Amino acid sequence: MSLFDLDKEDALNKAKARHAVLVKKIRDADKAYYQDDTPLMNDADYDSIRSELEGLEAKHSELITKDSPTQTVGAAPAKGFGKVKHKVPMLSLGNVFSEEELEEWLAKTRRFLNMGEDAPLEIIAEPKIDGLSCSIRYEGGKLVQAATRGDGAEGEDITENVKTIVGIPHTLPDDAPDILEVRGEIYMGKADFEKLNAEQEARGGKVFANPRNAAAGSVRQLNIEITKERALKFFGYALGQVSEELGQTHHEVREKLKAFDIPETTYALGHDRAALMDNYNKVLEERPDLDYDIDGIVYKVNDLALQERLGFVARSPRWAVAHKFPAERAVTKLLDIDVQVGRTGVLTPVARLEPITVGGVVVSNATLHNQDEIDRKDIRIGDYVVIQRAGDVIPQVVEVLFDKREGDPRKFEITNVCPRCSSLAIREEGEVAIRCTGGLICPAQAVERLKHFVSRLAFDIEGLGAKIVEEFYEDGLIKSPQDIFTLEERNKGTLTPIRAREGWGDLSEKNLFASINERRKIELNRFIYALGIRQIGEATAKLLAGRYGSIEDMREVMQQAVDQASEAYTTLINIDGIGASMADDLIGFFAEGHNGEVLDALAQHVEITPYASPLSVDSPVAGKTVVFTGSLSISRGEAKAQSERMGAKVSGSVSKKTDYVIAGEDAGSKLKKARDLGVTVLSEAEWIALIA
Ligand code: IVH
């Protein structure tokens, strides 16, 4: 052996030893981070250990083993999960909170279907288990993919994690459809949750607030070994994409799923409010004895053909609704009242409470809504108050326990000065809200707008969460939306790069820029929503995106619409779902010079793609404007929903721009106007033939 070889061997031995140390450090850090939710080190330190390990392995490839942290999924927290586009969107549910609201939902559903008030309508009632929704896809009888809901259109790939959940079949019997997506809920039983928390506590790890958080935290683990150790369960409650029908009713679908060994829950069938209420009360009584947390009952129209006709509104189906259990309440002391400034400048009083556990969650803040609420309930600092918490809703102060009030505490009054920027805060006529007039000079509004801009239904920039937006704003890194897109450029050559900030490192910096760059292309509907225009939510943003096609066209129209006598204005308020007050906010937004500057600047950095409306189908009426008048065989609601599904726009009034007027029996003035203007008039039968 030559001296040279000895040197080499020595170097390799040294590298081996160092490698072992680094691997152990990373494993310990991973375990602490993933399993115990108590990180041992910050990102920067973690990154530097990892890059040292990568460097070593690059030099000595013989050190790369299959289970080296550089080769396993669990080792890279910043890498995250892959994305999965849902073939059929994963939606959420509307809520009812009382017997009256349930009755109203049943009546509305019957009305939509043009059914008589007492016509039988079969409903299935299922428990609403509080966990996280998941879509499991089988192809050729094999479990091939599992995904979280995400924003409903795109979720995270958790296939490997889901495969570890006991009870979820990996293969289906031969008679299962070739493609079958089962939608359901992953959850943790109460006993398993208690046990997990006891273990966490014993090893000094973080305890989870409730079974739902524990389930979510256990599934979203890059190291599937951890998921495997956690006692997770699943039940199926609906279908996503299927290559073959499983039945004609939800009940039949459930029976089929059961036959495929997909875990199911109990359910009840009912026709009317009385039967559904009986079931509700029975389950409510059984609730404490169940081994899983439920937060309500889900009602579903049983007949799938009716489900199809009912369809969806925004993000929830018309054919299902959640009947929530009463909120949980507790008494605590009101320590103070702070005033928060929201995205649109609204000043909201927030109660600071002596921390108390309500339904398994520690609550220390609650909303007080507005000054009127405080006055009406006569809430004063120092009072003992009843607070309630329902599901994910922000806790609320319900009432004051007056017999526990000591002395005569001073009344609380929101001042007319913004607590953040000292601009005048005013209460507009007819509004309960008091608003800061500072606009974007108000740091609170600017930051809230930025947070909204990057939020999940808007630009959805991973790694740019609320806390970081606040920090970056404070430090002047991001003052306005367009700054997000110049961040990487400005970071180059600076003495204070992001990676040098506390808690940051090379990897997290790289990941941040990658997720920003991923969003340089964005759909118009998301872009409009991201602007944070008052009253313009996700659904309205889609409506506008579908109507105007591009941001340039939209801007132009909004500028013309300043003149209320203009056609632009009339068209705008004639869009179904847009009222005069929304129109005011829209026009106001685009008339504001500063907003124009932001839009111009953004245009330099982002490419806005057309809204791929699920409605813009290939149909003979796509893009056409239609008006219904007179009485039709189906309800007006269904006619409207059906047309929209075919890509048509439904308007409430006839103008030169109307393409078709569909005239039912006893049509009146709209029919006359259509004839006067020479608009094509169709009978209901002709319309049905056209869209068939
Ligand atoms: S049906 C389009 N059924 O509740 C159909 N959801 O608040 C939507 N959930 O996202 C879901 N139990 O995660 C349905 N029996 C049940 C459910 C259930 C729990 C969850 C699900 C959904 C959320 C909506």
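Some notes on this structure:
- Helix 551-560 and the longest principal axis of the Cα set of the chain meet at an angle near 40°.
- Rounded to whole Å, sorted largest first: equivalent-ellipsoid semi-axes of region 89-143, Cα gyration tensor: 31, 17, 10
- Only one residue of G296, Y660, F312 has its Cα farthest out toward the positive end of the dipole of the chain, where Lys and Arg carry +1 and Asp and Glu -1 on Cβ, and that residue is Y660.
- Cα centroid separation, region 658-692 to region 531-573 (Å): 26
- Summing charges over neighbours of D408, with a neighbour being any other residue whose Cβ is under 12 Å away from its Cβ, gives +1 when K and R count +1 and D and E count -1.
- Straight-distance candidates among the aspartates and glutamates for linking to K14, with alpha-carbon spacing under 16 Å and chain neighbours fewer than 8 residues away dropped: D5, E52, E54, E57, E62.
- Extension gain from I179 to V398, taking 0.36 nm per residue of separation minus the Cα-Cα distance: 74.0 nm
- Relative contact order of region 552-597: 34 percent, from C-alpha pairs under 8 Å at least 6 residues apart in sequence.
- For the chain, the gyration tensor built on C-alpha atoms gives a rounded shape. Its axis ratio a/c (a ≥ b ≥ c) stays under 1.5.
- In plain terms, the chain from N416 to E354 could stretch by 19.6 nm, reckoned as 0.36 nm per residue minus the Cα-Cα distance.
- Of the peptides 295-306, 490-501, 334-345, 193-204, the ranking by mean beta-carbon count within 10 Å, highest at the top, reads 295-306, 334-345, 193-204, 490-501.
- Sequence-separation-based contact order of the chain, relative, with Cα cut under 8 Å and 6+ spacing, percent: 10
- Rounded tilt (10° steps) of 250-259 against the dominant C-alpha axis of the chain: 30
- A simple charge model with +1 on the Cβ of Lys and Arg, -1 on the Cβ of Asp and Glu and nothing else charged puts the dipole of region 533-674 at about 660 debye relative to its Cα centre.
- Using a cut-off of 27 Å between Cα atoms, the listed pairs K282/K377; K479/K521; K377/K451; K377/K542; K142/K206; K206/K228 include K282/K377; K377/K451; K377/K542; K142/K206 as exceeding that distance.
- Put a dot 7 Å past the Cα of D378, heading toward its Cβ, do the same for D618, and the two dots end up 6.9 nm apart.
- For the chain, the cysteines with no partner cysteine C-beta closer than 4.7 Å are C134.
- This model, with +1 at the C-beta of Lys and Arg and -1 at the C-beta of Asp and Glu, gives region 82-174 a dipole about its Cα centre of some 600 debye.
- Sorting 276-289, 80-93 by their mean Cβ neighbour count within 10 Å, with the most densely packed peptide first, gives 80-93, 276-289.
- Region 128-250 - percent relative contact order, Cα under 8 Å, separation 6 or more: 33
- Using the 1.4 Å probe convention, the accessible area of the chain works out to 49 Å² per residue with neighbouring protein chains retained.
- Relative to one another, the C-alpha centroids of region 352-375 and region 239-287 are positioned 36 Å apart.
The values are calculated or read from the model by the stated rules, or taken from the named source; none is laboratory data. Just so it is clear, the structure is predicted and the values come from calculations on it, not from any experiment. Ideal geometry is used to build each Cβ from the backbone, glycine not excepted, and the neighbour counts take in all protein chains shown. Side chains are part of the model used for accessible areas, which takes the heavy atoms of the whole protein and leaves out ligands, DNA and RNA. Shrake-Rupley method; radii C 1.70, N 1.55, O 1.52, S 1.80 Å.
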